[in-house]
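This report refers to the structure that appears directly beneath it.
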Amino acid sequence: MRRSISGVSFFDLEMKVVQTIDEIRGVVKQLQLRGKKVAFVPTMGALHDGHLSLIRIARRMAEHVVVSIYVNPEQFGPTEDFSSYPRTLERDLEFCEEEGVGTVFTPNDEIMYGSDEKFFSIEIDVLNKYLDGGSRPGYFQGIALVVNKLFNIVQPDIAVFGQKDYQQFQIIQQMVNEFNHDLELVMAPIERADDGLALSSRNAYLSEQERELAPLLIRKMRESVDQIQAGLLEPQSLFELKQKELEAKGFKNDYFNVFSMNQMEPVATLIKGETYVLATAVYLGKTRLIDNIIFEC
Ligand code: AMP
């Protein structure tokens, strides 16, 4: 594999891997000075085809793609899977190189957060009340913090995020607007396995039996959207039924509901012609799965 750790030369096509803030800033600034657009894809690694689809979109939109790989401790709750989260850096770097990524930024905790006492945090209002915001205290504050820092560090022209984490996208879009980040945010569609399961780094936790069962979630979601589009405008009892069907197969439900596209609030009575997002989170064994469908009513 051709790869240089650090060292910035713009006359080779070799992918660079950099760890410090000065290095990544240097790479991006020099490119921008030469009139090149830089697109940024932040990730926590354990890359799969979902991440690669973001990289491909980024490549179409800019001359140079920066991918960050950093498992952000701030977005994990005390009982969540921070220590067991899959870390596959060597493989990730090979994927990035194959996809034509220009620079991979792999900071560590010291670089991202330093050791000094911290006095600032990001609070999020309405958008954080339901879905994962309601179920995982501190989760989106941790994401907003790290993405805010990454945007300030990398200062890209474009940043690409997945619809897979739709609430995250909305929160980041709002943060970009309110904090005046000078970049264009792009949402990439959800990449799925052939059986419909949304790709996720956490799918690696599923046992063989759980993996077989997992696509039932998207099937129940699609059935729900079909019924809504056939005219069911008050779908609460349908969602209760779908959740019971999932529970009977061994899923544990967190939420399964329709939410407004911008405010991320539950909607009990749907209006014909409006666009909504059906979003769910379930546990299958110890694995938390999330998924969503954007649909017109
Ligand atoms: P993560 O590494 O889980 O933090 O995800 C990094 C980025 O990849 C986020 O913008 C996610 O929304 C996106 N992503 C994760 N899974 C998928 C998928 N199946 N399809 C599209 N984008 C995804």
Next on the checklist: I need a count of the residues in segment 31-48 that are within 16 Å of the ligand (Cβ to nearest atom) and over 16 Å from F161 (Cβ atoms).
Outcome noted: 1
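Just wondering, is there one or more residues in segment 165-173 that are open to solvent by 60 Å² or more (accessible area, probe 1.4 Å) and not aromatic (F, W, Y)? If you could, list the steps in order and put the result at the bottom.
Step one: list which residues in segment 165-173 are open to solvent by 60 Å² or more (accessible area, probe 1.4 Å), which gives none.
Scanning segment 165-173, I find no residue that is open to solvent by 60 Å² or more (accessible area, probe 1.4 Å) and not aromatic (F, W, Y), so the answer is no.
Where residues in segment 59-82 are touching a strand residue (DSSP E or B) at 6+ places or on another chain (Cβ under 7 Å) and within 11 Å of the ligand (Cβ to nearest atom), which of them is most open to solvent (accessible area, probe 1.4 Å)? Lay out the reasoning, then the answer.
First pass over segment 59-82, keeping only residues touching a strand residue (DSSP E or B) at 6+ places or on another chain (Cβ under 7 Å): 59, 61-62, 64-69.
Those still in the list that are within 11 Å of the ligand (Cβ to nearest atom) too: 67-69.
Working: V67: 0, S68: 2, I69: 20 Å².
If we take residues in segment 59-82 being touching a strand residue (DSSP E or B) at 6+ places or on another chain (Cβ under 7 Å) and within 11 Å of the ligand (Cβ to nearest atom), then I69 is most open to solvent (accessible area, probe 1.4 Å).
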Next on the checklist: Report every pair of residues separated by at least 6 positions or lying on different chains whose Cβ atoms are under 6 Å apart, first residue within segment 101-115 and open to solvent by 10 Å² or more (accessible area, probe 1.4 Å), second among the basic types (K, R) and not in a helix (DSSP H, G or I).
Outcome noted: none
Next on the checklist: Filter segment 184-211 down to the residues that are acidic (D, E) and part of a loop (DSSP other than H, G, I, E, B) and list them by number.
Outcome noted: E191, D194, D195
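Say we look at segment 137-153 and pick out the residues that are touching a Gly at 6+ places or on another chain (Cβ under 8 Å) and surrounded by fewer than 19 Cβ atoms within 10 Å (Cβ to Cβ); which of these is farthest from E178 (Cα to Cα)?
The initial filter retains those residues of segment 137-153 that are touching a Gly at 6+ places or on another chain (Cβ under 8 Å), namely 137-140.
With the extra rule that they be surrounded by fewer than 19 Cβ atoms within 10 Å (Cβ to Cβ), the set shrinks to 137-138.
Numbers: P137: 22, G138: 20 Å.
Filtering first and then ranking leaves P137.
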Checklist entry - Of these, Q155, Q141, Q168, which one is under 15 Å from the mean Cα position of the chain (by Cα) and away from the ligand (no atom under 12 Å from the Cβ)? => result Q141
Next on the checklist: Looking only at segment 177-202, filter to residues that are near the ligand (Cβ under 9 Å from one of its atoms) and of a type outside the set (A, V, I, L, M, F, W, C); which one of those is least open to solvent (accessible area, probe 1.4 Å)?
Outcome noted: S201
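Quick grid of which residues meet (1) of a type in the set (S, T, Y); (2) touching a residue at least 60 places away in the same chain (Cβ under 8 Å):
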position: L131; (1), (2): no, yes
position: S135; (1), (2): yes, yes
position: Y139; (1), (2): yes, yes
position: I143; (1), (2): no, yes
position: Q155; (1), (2): no, yes
position: L206; (1), (2): no, yes
position: G231; (1), (2): no, no
Next on the checklist: So A281 ticks every box in (1) open to solvent by 30 Å² or more (accessible area, probe 1.4 Å); (2) at pLDDT 95 or above; (3) closer than 25 Å to R136 by Cα; (4) not polar (S, T, N, Q) but one. Which box is left unticked?
Outcome noted: (1)
Checklist outcome for this item: Checking N262, N257, N292, N253 in turn, the sole residue that is open to solvent by 70 Å² or more (accessible area, probe 1.4 Å) and closer than 19 Å to G133 by Cβ turns out to be N262
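Scan segment 116-133 for residues that are of a type outside the set (K, R), surrounded by fewer than 15 Cβ atoms within 10 Å (Cβ to Cβ) and under 21 Å from the mean Cα position of the chain (by Cα) and jot them down.
Filtering segment 116-133 down to residues of a type outside the set (K, R) leaves 116-117, 119-128, 130-133.
Now narrow it down to the ones that are surrounded by fewer than 15 Cβ atoms within 10 Å (Cβ to Cβ): 116-117, 119-121, 123, 125-126.
Correct list: S121, E123, D125, V126.
So which of T43, T79 is within 18 Å of the chain's Cα centre (by Cα) and not hydrophobic (A, V, I, L, M, F, W, C)?
On the way: T79 fails: within 18 Å of the chain's Cα centre (by Cα).
Going through T43, T79 in turn, just one is within 18 Å of the chain's Cα centre (by Cα) and not hydrophobic (A, V, I, L, M, F, W, C): T43.
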Checklist outcome for this item: Looking across segment 19-58 at residues that are under 30 Å from L197 (Cα atoms) and in contact with a Leu (Cβ under 7 Å, 6 or more places away or on another chain), the single one that is surrounded by the most Cβ atoms within 10 Å (Cβ to Cβ) is V41
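The values are calculated or read from the model by the stated rules, or taken from the named source; none is laboratory data. Fair warning: this is a prediction, and the values are worked out from it, not measured in the lab. As a convention, Cβ positions derive from the backbone with ideal geometry for all residues, glycine included, and neighbour counts pool all protein chains shown. Just the protein is used for accessible areas: all its heavy atoms, side chains included, with ligands, DNA and RNA removed. Shrake-Rupley method; radii C 1.70, N 1.55, O 1.52, S 1.80 Å.
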